[in-house]
Each structure stands twice: as structure tokens, then as C-alpha cells.
Amino acid sequence: MPTRFVDTHCHLNAPEFTDDWPEVLARAVDLGMAAAIVVAYDQLSAERALALAAEHPERLCASVGIHPDAVAEWQASENWVRGIARSGAVVAVGEVGLDRARGQLLDSQLPVFEAQLAIAEACQLPLIVHCRDAWVELLEVIERWEGRVSGVLHCFTGSVDDARRATNAGWYLGFGGIVTYPKAENVRAAAAAAPAAHILLETDAPWLAPVPNRGKRNEPAYIPAVAAALAELRNEPLEQLYHSTTANAAACFPAAARIMSSA
């Protein structure tokens, strides 16, 4: 029996999977994937995530949210996002957050991020948060909301200190293919130091494939490469890491706990 794992962040709703997503899902299940969260980044991708989760409720669940790159559509999508979050059809709000990697200003992103924090609080859902080059601002926000909303900082790329502040505020850290990149020293250091009870596995597929598939399309079946790298970094038995990260996923996403723990 393969070891069970959960991919807490993938985009089977992305165009890269249009032609073969059933085969991609089957490969991951054959390797032991108990469940995956198909994460939205705008309204169109949320609709696709919902459709995939409805087709495979035994393995897939969906999130709904507006990514910082898509804040221009927030005004038109806000009521729709709020309605889906209230409907019980999703297990999280996301992915949302802050991003200044390409010189974007945060002025328009911060109100949209906070609005989706409020939706998550009202609907008692966790958040799936994206952050690039905005750790100072993001940590200020989540610490201000401590005790009201938590979730996962997906594709974590902050420092050891950023990780400590986030986990102290009750957040989980999502680690994917970047932990296999030798030059990603800050991410590897944070992954090594993070509390075991706050670590989640993810792929961010179709992006950021781990070594030895770096540069290729990523997919949930590559989680074992991420898990092996994390276990080595943390000097932790691989089976123990699989067990703890699956338990963490169920704790972070209560609405998905049944399929994560029983598949």
C-alpha cells in the first residue's frame, strides 16, 4: 500500500492540464495521494476547480479566491466569491495575498486581501495565502488578524524568522519543489527549522517542479520528491513526515478532513 499524502496546493484547473488531467490524477493516486486541493486564483479558475471537485469528490476539493495578480476583477467578483465561500462547496478561501515581485504596488492589493480575510472569518474557512517580496507587510496583516483567521502560507519563501512569526500566529507553511533547489538556501533553512506540526506538502502544479523534474510541468505525483527532500533536511524519518503532514492538512482544512484521513 503506497504511503498516503495530500497535495495541499495544485492547479489542475490550469490550462496546462486541460488535455490530460484524469491521467495526472490517476498517477498521483497510484502513488498514494489521498486528496488534493485544487486552488483558484480568479473567478474562471474557481469555476473550473469547483467542477473538478464535483467530478471527483472522493479525492479533490476546491478553494475560491482572487490572487493579487487579479485584483482588477475583485469588484466584479466579490459577491460571487462571498456566495461560494458561504455555500459549503469549498474548503478554503484562496489563493489570496500580496505580490510585488514584478514591481506591483500593494495599495490595490491590501484592501482585497483584507476583504478576503473577512470572508474567511465570516465563513470559518482557512486562507491559502500567496506572498512574494512582501513579507514585512504580509506578516503585519496576519499578526493583526491572529486568533480570527489562519491557514497556510503557500509556497513559503520567507526566512527562518518569518516562518517563526507565522507559525507563532497559528499559520501552516506549505513547502513544495523549491526545497529541492540547492540555491534556495533560505527556504531550505526555514523548512528545516519549522515546527513539524505546521508543515504541509504541496506542488503548486503545473509550476515549480522538484528536482529531478525541474523545468518540466509539475504534477501531484511529484510530491514524493518534495517529501524526501524535506525529510532529509529535517533529519526526520520519511514515514513520520508523511504521517504528520497528512494530519496537518486535515487540521488546516477541516472541511476536507474526511477525505484526507479516510482515502
Scan LEU117, LEU98, LEU106, LEU125 and give me the residue that is touching a residue at least 12 places away in the same chain (Cβ under 8 Å) and more than 22 Å from CYS10 (Cα to Cα). LEU106
Counting only residues that are in a loop (DSSP other than H, G, I, E, B) and on the phi < 0 side of the Ramachandran plot, how many does segment 168-183 have? 6
Pick from TYR181, TYR172: which is under 28 Å from ASN218 (Cα atoms), in contact with a His (Cβ under 7 Å, 6 or more places away or on another chain), open to solvent by 10 Å² or more (accessible area, probe 1.4 Å) and aromatic (Phe, Trp, Tyr)? TYR172
Go through (1) under 13 Å from ALA190 (Cβ atoms); (2) in a loop (DSSP other than H, G, I, E, B); (3) not aliphatic (A, V, I, L, M) for ARG165 and report which single condition fails. (2)
Cβ-Cβ below 7 Å, separation at least six or inter-chain, first residue in segment 246-258 and among the β-branched types (Val, Ile, Thr), second open to solvent by less than 20 Å² (accessible area, probe 1.4 Å) and in a helix (DSSP H, G or I): which pairs? THR246/MET260
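So which residues in segment 1-25 are assigned to a helix (DSSP H, G or I), open to solvent by 50 Å² or more (accessible area, probe 1.4 Å) and either of a type in the set (Ser, Thr, Tyr) or closer than 18 Å to PRO224 by Cβ (or both), if there are any at all?
Residue satisfying the conditions is GLU23 alone.
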Residues satisfying the stated conditions in segment 124-147, i.e. assigned to a helix (DSSP H, G or I), of a type outside the set (D, E, K, R) and open to solvent by 20 Å² or more (accessible area, probe 1.4 Å): TRP135, VAL136
Scan of segment 128-167 for residues that are at positive phi and in contact (Cβ under 8 Å) with a residue 24 or more places away in the chain, ordered by number: ASP133, GLY151, CYS155
Run ASN186 past the list (1) within 24 Å of GLY103 (Cα to Cα); (2) out of contact with any Ser or Thr (no Cβ under 8 Å at 6 or more places or on another chain); (3) in a helix (DSSP H, G or I) and report the number of the one that doesn't hold. (2)
Filter segment 220-232 for residues that are open to solvent by 10 Å² or more (accessible area, probe 1.4 Å) and closer than 23 Å to GLY94 by Cα and give the result. ALA221, TYR222
Say whether the condition of being more than 25 Å from CYS123 (Cα to Cα), assigned to a loop (DSSP other than H, G, I, E, B) and charged (D, E, K, R) is met by at least one residue in segment 50-62. no
Answer with yes or no whether ALA256 is under 14 Å from ALA35 (Cα atoms) and open to solvent by less than 30 Å² (accessible area, probe 1.4 Å). yes
Residues that are open to solvent by less than 10 Å² (accessible area, probe 1.4 Å), of a type in the set (A, V, I, L, M, F, W, C) and farther than 21 Å from VAL38 by Cα: does segment 99-107 have at least one? no
Within segment 121-137, how many residues are within 16 Å of PRO68 (Cα to Cα) and within 16 Å of the chain's Cα centre (by Cα)? 6
Within segment 56-98, the residues that are among the polar types (S, T, N, Q) and either within 23 Å of MET33 (Cβ to Cβ) or open to solvent by 50 Å² or more (accessible area, probe 1.4 Å) (or both) are SER63, GLN75, ASN79, SER87
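The values are calculated or read from the model by the stated rules, or taken from the named source; none is laboratory data. Worth saying up front: this structure is predicted, and the values here are computed from it rather than measured. Every residue, glycine among them, receives a Cβ derived from its backbone with ideal geometry; neighbour counts consider all protein chains shown. The area values use the complete protein model at the heavy-atom level, side chains included, leaving out ligands, DNA and RNA. Shrake-Rupley method; radii C 1.70, N 1.55, O 1.52, S 1.80 Å.
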